[in-house]
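Peer 1: The structure that follows is given in the form of structure tokens.
FYI, it's all coordinate maths here, none of it is from the lab. These figures come from a predicted structure and were not determined experimentally. Neighbour counts run over all protein chains shown; Cβ positions are idealised from the backbone, glycine included.
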Amino acid sequence: MISRAEKSANYLILVVFAVFAITPILTVLQAAFGPSDAGGGGGFGNFADAWRIGHFGTYLRMSLAVSVSVVVVSVLLSILSGFAFGVMRFRGSGPLFYLFLLGIMMPSEAIVVPLYFDLRSLGLTDTFWAVALPQVAQSVAFGTFWMRAYFRSSSRALVEAARLDGASTRRLLWQILVPLARPAIVTMTVLVFMWTWNEFLIPLVMVTDENLRTAPLGLAFFQGQYTQGFTLLAAGAVIVATPVVVLYLFLQRHFIAGMLEGAVRE
Amino acid sequence: MRSPRRTGSPPGEPRRIAYLYLLPGFLVYAAFLLYPLLRSVQLSFYDWDGLTLGRWIGFANYREIVSDEGLRAAFGHALVLIVFFAVVPVCVGLVLASILNRAKVRGLPFFRTVVFLPQVVAMVVVAVAWRRVYAPDGSLNALLGALGLDSLQRGWLGDYALALPAVGFVGTWFETGLVTVLLLAGMSRISGDLYEAARLDGAGPVREFFAVTLPSVRGEIAVASTLTVIAALRTFDLVYVTTGGGPGTSTSVPSYEVYHRAFELGRVGSAAAVGVTLTVVILAISLLINWIGDREAAS
């Protein structure tokens, strides 16, 4: 039914669109691997120069510490709260769940101003905690929503059978449901990791100490301070983007499914 | 034993222990999201510079959003960004996805990987890349020069009239892939029988699109619109890195105003009011789009 001409037209559209999507990214990659405009060797030398001049080692360490902590804590807390909402009945579960939903839609802009001033009066700004904890809260909102949906859809018969066997609530969660929930947990893990790694506003507001800058924040400051050319900036951009992109290339189905299904947050 | 009328609810007896499972997550959530939100509302009624004692001024900060030209403009810019971030990508995505869905072409998984890629790249990196594209000696001007259109060359982000569309176009680039992938997933679920029937009725590609494809992906359109509109309203990183709200205030948006007012101008109350307003707008728009989606689906 589909003519040959239409088929070729389709391939043309695919190619044009893909090229459009990838060109700005390739521009950066090309500049990063190209000859240096800062007088260095070019190629991989650019990365070494950017790493040294832009302090990206420090920033990546901070980003890694924040992202991993936010992922571990929020996944753990979300499993617990999602389990409560998805499997148990209790008074107030409806309104409490809506309260969590509110957090998914709430933009960081709504909370960052009072958070900064309140944390400042507690002496907590310019600490690891000021960057990590607000993001744990945001991720718990999403994670609760995500895990609740999973636990609700997981076989009710399974839960009933486990109950009849006399499994305790704790055993039901950790030994029966969580192992089965692995795909949902992996999806949540990669999404939270990506959101935390890429977050900009919260670290920008909470941190002035250069040693506590996350990678995107470091890149933004590097762009402001280092204006002698584009090569090293491009190399820095590649360094900042690479961890999530690599994760995406390996786990892209989790990324795409998660962002399309549970996509209410971003 | 569970009674039959409870089948819609989760299994298990009502259990107090649920609160125990909920508690740790709720504590963090309440302390770092709910409480700051309430504090934001409270601060929005004050005139406060962040250092000295604040002064209660009622709704003055909110009145300023309506009366102050700069703030009104910022919300106006957000509307322009919605066109670029949401309207254009949804329209383009619909056309692209329905064309791609008609003919089962090979290489679709690879295509999906590529067009979805911008979504996982940090917005700061995206901004760095596009600053380069728009720079006076950047690739866009190089392209125009190669096409012999030298008269169109300019510093795109420094142009009062063109900076906002230039920033918006980054949003179009960023969101179109997401929307297309989302719509393609929805269209792949449409039964082939529907198209078969439409073709037997003599429908061409265009009628097929309006009679079969469009009604079937209303849910996906609602999701795509919600996501992209919220993304447009939350644009902060992109503006901060590409233009810093400039030239002048030609690309300032509400998110940027929150930051600018609280941390650069020392107008904390006003910043909180803008933040609260932005949140209300985002909630209202997502509820509205979902409501329209539901109503359409029911009709």
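Peer 1: Go through the range A:44-60 residue by residue and turn each phi into a ³J(HN,Hα) via Karplus (6.51, -1.76, 1.60, θ = phi - 60°); whole Hz please, and just put x for glycine and proline.
Peer 2: Values, residue by residue: 5, x, 4, 5, 4, 5, 4, 4, 6, 6, x, 6, 5, x, 4, 5, 5 Hz.
Peer 1: Another one. Hey, can you grab everything whose amide H is under 5 Å from the amide H of A:Gly42? Only 5+ residues off in sequence or another chain; H modelled, so Pro and N-termini drop out.
Peer 2: Residues meeting the criterion, in which the H sits 1.01 Å from N, are A:Ser36.
Peer 1: Same structure, new question: Counting pairs of alpha carbon atoms under 8 Å apart in space and at least six apart in sequence, what relative contact order in percent does chain A give?
Peer 2: On the way: 259 pairs, mean separation 91.5, N = 266.
Reported as a whole number, the value is 34 percent.
Peer 1: Determine the distance separating the Cα centre of the range A:78-93 from the Cα centre of the range B:154-221; give it in Å without decimals.
Peer 2: First find each Cα centre; the distance between them is then 38 Å.
Peer 1: Another question, then. Calculate the all-directions average of the projected area of the range B:1-160's alpha-carbon convex hull, and give it in nm². Let's see the in-between values first.
Peer 2: Working: hull surface 84.3 nm².
With the hull built on Cα positions only, its mean projection is 21.1 nm².
Peer 1: Distance from the Cα centre of the range A:105-153 to that of the range A:198-266, in angstrom?
Peer 2: 18
Peer 1: Using θ = phi - 60° and the Karplus curve 6.51 cos²θ - 1.76 cosθ + 1.60, what whole-Hz ³J(HN,Hα) does each residue of the range B:33-50 get, with Gly and Pro shown as x?
Peer 2: Using θ = phi - 60°, the values come out as 10, 5, 4, x, 4, 4, 4, 4, 4, 4, 4, 5, 9, 10, 9, 9, 9, x Hz.
Peer 1: Hey, another quick one. What is chain B's relative contact order, in percent, from Cα pairs under 8 angstrom and six or more apart in sequence? Display every interim value, and only then the final one.
Peer 2: On the way: 333 pairs, mean separation 83.9, N = 299.
Relative contact order here is 28 percent.
Peer 1: I would also like to ask the following. Would you mind checking which residues have amide H under 5 Å from B:Asp47's amide H? H placed 1.01 Å from N; only 5 or more apart, or other chain.
Peer 2: B:Arg55, B:Trp56, B:Ile57
Peer 1: Okay, next question. Just the ratio, please: alpha-carbon radius of gyration of the protein assembly as shown over 2.2 N^0.38 Å, N its number of residues. Mind dumping the intermediate values first?
Peer 2: Values: Rg = 24.8 Å, N = 565, 2.2 N^0.38 = 24.4 Å.
In units of the 2.2 N^0.38 Å rule of thumb, it is 1.01.
Peer 1: Next question, about the same structure. Any idea what % of Cα-Cα pairs in chain A are farther than 34 Å? Before the final figure, lay out each step's value.
Peer 2: On the way: 12247 of 35245 pairs.
When all Cα pairs of chain A are counted, 35 percent exceed 34 Å.
Peer 1: Under a 10 Å cutoff between Cα atoms, tell me which one of A:Pro134, A:Pro183, A:Pro203 has the largest fluctuation in the Gaussian network model of chain A.
Peer 2: In the Gaussian network model the winner is A:Pro183.
Peer 1: Just the Cα atoms of the range B:44-298, one point each, no solvent: what log10 I(q)/I(0) does Debye give at q = 0.15 Å⁻¹?
Peer 2: Debye output, listed in q order: -1.10.
Peer 1: If you split all Cα-Cα distances of the range A:1-66 into 10 Å bins from zero, what percentages do you get per bin, shortest first?
Peer 2: Per 10 Å bin, starting at 0, the Cα pair percentages come out as 18, 26, 24, 16, 11, 6.
Peer 1: Using the 10 angstrom Cβ neighbour count as an exposure proxy, how do B:Arg39, A:Arg91 rank, fewest first? Walk me through the numbers on the way to the answer.
Peer 2: Details: B:Arg39 17, A:Arg91 11.
Arranged by neighbour count, lowest to highest, B:Arg39, A:Arg91 become A:Arg91, B:Arg39.
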